[in-house]
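**Student:** Please read through the structure below; I'll follow up with questions.
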Amino acid sequence: MGEKAGTAPSGKWRHIGPGLVVAATGVGAGDLVATLIAGSRFGYALLWAAIVGCVVKIALSEGSARYHLATGSTILAGWRSLGRWTSWYFGIYVVIWGFIYGATAMSATALPLAAMFPALPLWGWAVLSGLAGLMFVWFNRYALFETVMKLLVGTMFVIMVGLAILVAPSLPGLLSGLTFIMPEGSLLYTMGLIGGVGGTVTTAAYGYWCQVKGWQGPGWLPLMRLDNTVAYTVTGIFVIAMLIVGAELLHASGIALQAGDRGLIDLSDVLEVRFGPVIATLFLVGFAATAFSSILGVWHGMSLFFADWYYQARGQTVPDDIERSPAFRAYMLWLTFPPMLLLFAQQPFMLAVIYGAFGALFMPFLAITLLLLLNSSRVPADCRNGWLANITLTGSAALFLILAGQQILSLMG
């Protein structure tokens, strides 16, 4: 717990941190690929969708953290007040999500490491990545965790934005992406950029990072909002940089990337041909920083989330030192070791289908429950939603319901 509860300090800028943590956690290798492919197929036409996506995530993470600070409780306690079904829903979701996400995050981090250091196979780097994340979070507390996450954010930001500058974006072309036009065949990419970039369930973990940093009480709301806005502004610039790379380097040359994280290895090959091995290697370093920041963020943030759920479900008091609690560490172990089985075998089909369905349904669940909680007497009157928050969250809920329907239809297909 870093600062005095109830009172925000002076010198706000030097206290910024939890927002950068949630933003770095939310932007993973899959987001990089999705943005690059959107740029490679449609140029700058979907730039507006990436910006709208960041605005949506600002609203969701701000709402989650506002509930924490305004009530002194947690978003999970708020969900439980809406009915015990919410606890069952989250419990099932977080177990399935953690099992598959653990393997996905470890594999994504392993890809650039195996490309730079091929002495170890991909699965070897994946195992080491998971163990490194486990050991770091196990033995360190939030203050050092936040510092390392800021370093990873700085690394990925400088490299990716530098790469966008290197490929010399066309300013008129860039501005044309603010016209809210959807080219033919771009619907799924548009909605994916709005719904996926910047995190899903990890946006709801923002309040936990605010609390573990020591931000408690409504007096911290202005600092939290500044922190959150700065973080997603950085995310927005990062995403725009990737769209520029896709548009300038790939769209103009007619180059197509593979779907999935391996598409980033394709891009490193393109960069090596165009700019030489140094630039290609720097890109792989930025790729590795992006992927590993997601490992650290999920291993820490979702373990906080799980520990809160576990103790509340058992009717027990959540320990003050939650980062050393048995439930926190148990979920870290769950994220690390069982998913390693998926590194050596194909993912079971039914598990993947269930995970996809739960994943699609979480974001509308978050948006709708925030609307219910933040307009109710559970929150002090001066901390409830205003008209802008209600419009943004309502639009987010509608968007995510459409995305959920499309995801479930594709799974059924």
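**Student:** Given the conditions (1) aliphatic (A, V, I, L, M); (2) over 16 Å from residue 100 (Cβ atoms); (3) buried (at least 16 other Cβ atoms within 10 Å of the Cβ), and given that residue 342 satisfies all but one, which numbered condition is not satisfied?
**Tutor:** In the conditions (1) aliphatic (A, V, I, L, M); (2) over 16 Å from residue 100 (Cβ atoms); (3) buried (at least 16 other Cβ atoms within 10 Å of the Cβ), residue 342 misses (2) alone.
**Student:** Among the helices (runs of 4 or more DSSP H) contained in the range 110-197, which hold 1 or more residues that are more than 15 Å from residue 50 (Cβ to Cβ) and hydroxyl-bearing (Ser, Thr, Tyr)?
**Tutor:** In the range 110-197, 122-139, 142-166 are the helices (runs of 4 or more DSSP H) which contain 1 or more residues that are more than 15 Å from residue 50 (Cβ to Cβ) and hydroxyl-bearing (Ser, Thr, Tyr).
**Student:** Can we say residue 184 is of a type outside the set (A, V, I, L, M, F, W, C) and within 30 Å of residue 382 (Cβ to Cβ)?
**Tutor:** Taking the combined requirement at face value, the residue does not satisfy it.
**Student:** Looking only at residues that are among the hydroxyl-bearing types (Ser, Thr, Tyr) and outside any loop (DSSP other than H, G, I, E, B) in the range 1-40, which one is modelled with the highest pLDDT?
**Tutor:** 25
**Student:** Pick out the one residue from 63, 91 that is over 17 Å from the mean Cα position of the chain (by Cα) and not hydrophobic (A, V, I, L, M, F, W, C).
**Tutor:** Details: 63 fails: over 17 Å from the mean Cα position of the chain (by Cα).
Sole residue among the options that is over 17 Å from the mean Cα position of the chain (by Cα) and not hydrophobic (A, V, I, L, M, F, W, C): 91.
**Student:** Further, regarding this structure: Take the residues in the range 300-326 that are surrounded by fewer than 18 Cβ atoms within 10 Å (Cβ to Cβ) and of a type in the set (Asp, Glu), then tell me which one is modelled with the lowest pLDDT.
**Tutor:** Once the filter is applied, the top-ranked residue is 320.
**Student:** Could you give me the residue pairs with C-beta distances under 8 Å whose first residue belongs to the range 210-237 and is within 14 Å of residue 59 (Cβ to Cβ), whose second residue is of a type in the set (Phe, Trp, Tyr) and assigned to a helix (DSSP H, G or I) wherever it lies, and which are 6+ apart or on separate chains?
**Tutor:** From the range 210-237, the pairs are 228/206.
**Student:** Of everything in the range 80-137 that's over 26 Å from residue 265 (Cα atoms) and without any contact (Cβ under 8 Å) to a residue 40 or more places away in the chain, which residue is surrounded by the most Cβ atoms within 10 Å (Cβ to Cβ)? Give the derivation first.
**Tutor:** From the range 80-137, those over 26 Å from residue 265 (Cα atoms) are 80-96, 135-137; that's our starting set.
Next, only the ones that are without any contact (Cβ under 8 Å) to a residue 40 or more places away in the chain stay: 83-85, 88, 135.
On the way: 83: 10, 84: 10, 85: 10, 88: 11, 135: 13.
Among those that are over 26 Å from residue 265 (Cα atoms) and without any contact (Cβ under 8 Å) to a residue 40 or more places away in the chain, it is 135.
**Student:** Among the candidates 381, 367, 389, which residue alone is under 20 Å from residue 79 (Cα atoms), exposed (fewer than 15 other Cβ atoms within 10 Å of the Cβ) and at pLDDT 90 or above?
**Tutor:** 381
The values are calculated or read from the model by the stated rules, or taken from the named source; none is laboratory data. Everything quoted here is computed from the prediction, not taken from an experiment. Neighbour counts run over all protein chains shown; Cβ positions are idealised from the backbone, glycine included.
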